[in-house]
1. Given the conditions (1) in a loop (DSSP other than H, G, I, E, B); (2) of a type in the set (Val, Ile, Thr); (3) modelled with pLDDT under 95; (4) surrounded by fewer than 17 Cβ atoms within 10 Å (Cβ to Cβ), and given that residue 298 satisfies all but one, which numbered condition is not satisfied?
2. Can you give me the number of residues within region 186-228 that are touching a Phe, Trp or Tyr at 6+ places or on another chain (Cβ under 6 Å) and surrounded by fewer than 13 Cβ atoms within 10 Å (Cβ to Cβ)?
3. Every residue in region 184-207 that is within 32 Å of the chain's Cα centre (by Cα) and closer than 16 Å to residue 35 by Cα, please.
4. Among the residues that make up region 166-182, is at least one of them within 26 Å of residue 146 (Cα to Cα) and outside any helix (DSSP H, G or I)?
5. Going by the structure shown, is residue 258 of a type in the set (Phe, Trp, Tyr), surrounded by 15 or more Cβ atoms within 10 Å (Cβ to Cβ) and assigned to a helix (DSSP H, G or I)?
6. Return only the number of the condition from (1) part of a helix (DSSP H, G or I); (2) buried (at least 20 other Cβ atoms within 10 Å of the Cβ) that residue 77 does not satisfy.
7. How about region 130-173: which of its residues are of a type in the set (A, V, I, L, M) and farther than 23 Å from residue 253 by Cα?
8. All but one of (1) in contact with an Asp or Glu (Cβ under 9 Å, 6 or more places away or on another chain); (2) surrounded by fewer than 19 Cβ atoms within 10 Å (Cβ to Cβ) hold for residue 48; state the number of the condition that does not hold.
Amino acid sequence: MAPSHAFRCCKRALNWTPVLFINLVIGWSYYAYVVELCVYTDSICCVFSTVSYLVVFHLFFAMFIWSYWKTIWSKPAKPSVAFALPSAEKELYEREQRAEVQQEILKKVARSLPVYTRTAGGAVRYCDFCQVIKPDRCHHCSTCEMCVLKMDHHCPWVNNCVGFSNYKFFVLFLTYAALYCAVICATVMQYFIKFWTKQLHDSHAKFHILFLFFVAALFFISVVSLLGYHLWLVGKNRTTIEAFRAPVFPNGPDKNGFSLGFRRNVVEVFGDQAKYWICPIFSSQGDGHSFVTRLVHIDPEQANTVLQQNGKMLVSFFFPTMLK
C-alpha cells in the first residue's frame, strides 16, 4: 500500500509540471514586457506609448490569468447520487456474473433516469470504478479518477478535466491567451525590427525583446488553432470526445444529437445574458446531468424530480417547450 500511495503522490506532483512551465513563461513574459520593454526601452522613446502599452497589456493579462486559474481550480462536476444504483440493485449487480442479466438490472434503474445515450453495442453506460450509471455526455477520467459531467478532455496544461463546470472558462482562457499574445506581438514588432536593423543601441533588453516576440508569435499560432477548433465545437454543441466518437442514441449514433441551432448552442455554454460572456464567471445553462436533444424530448419536471429524490437540489435546466 505504501509504495502505491507514494507513486500516486509523485504522479500527482508531476502532473503540475506543465502548469508550472506555463506560469514560468507567463511570469517571464510579464517581466520582459513591463520591465525590459516598457521601462528600459520604450520610456526612452515615448512616455505616452509606454503608458498606453501598459494599460492595454495589463487589461488582457488580468483577464488571461483570471480565466486560466478559474479553469485550473474549478473542480470537475461529477454525477449526483441519483445515478448510483440503489442498494438492492447494486447487490444483485455485483453478485451476478452474466453480462446480459447485469444489463437488465441497469436498464431497469435507467428507466427512471434522464439517460438516453448508450454504448456502441446499445448497453447502458455504467462506470465500474465510480459505480454509477453515466449521465448523457459523462465520461470517466483515468487521470482525475472520477466520472466528469459533459467531459470534453483532460488538459495537462491546466492539470484538470475540462467539462461542464469549467468549459466556458477554458474557452475564455484560450481567447484571452490569444489576445495576450497578439498584443505582445503587435507592440513588440517595431522594437524587434529596430533591434534587428541596429536602429537601437544594444542592451540587456535586446535579447528579452527578441525572444519575447518569437515566443508570443509561436504561442499565438498554437492557441488560435485550438481556439478555432473549440469555437467550432461550441457552435455545433459537441465535446471533443463527441467529435471523434458520435454519441449513440436509441435510433443510432448522431454527432449532431445535442445540437439545437447555433444561437442556443452558444447560450448553453455561455449563458443567456451576453454581459457575462466575456467574464470567467459560471453562467452555463443546466446542471450537466440532462440535455435536450434533437431526437429525444426530455421532460424537465421529470428530470428534476428524479435528481432531487436523493436529497440533492440541482440547478434547474433550460428546456425549450418545443424542439424544431
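1. Failed condition: (4).
2. Here the count works out to 0.
3. 184, 187, 188
4. Yes, region 166-182 contains at least one residue that is within 26 Å of residue 146 (Cα to Cα) and outside any helix (DSSP H, G or I).
5. For residue 258, the condition - of a type in the set (Phe, Trp, Tyr), surrounded by 15 or more Cβ atoms within 10 Å (Cβ to Cβ) and assigned to a helix (DSSP H, G or I) - is not met.
6. It fails just one condition, (1).
7. We begin by selecting, within region 130-173, every residue of a type in the set (A, V, I, L, M); these are 132-133, 146, 148-149, 151, 158, 162, 171-172.
Answer for region 130-173, where residues must be of a type in the set (A, V, I, L, M) and farther than 23 Å from residue 253 by Cα: 146, 158, 162, 171, 172.
8. (1)
The values are calculated or read from the model by the stated rules, or taken from the named source; none is laboratory data. This is a predicted model, so every value here is computed, not measured. As a convention, Cβ positions derive from the backbone with ideal geometry for all residues, glycine included, and neighbour counts pool all protein chains shown.
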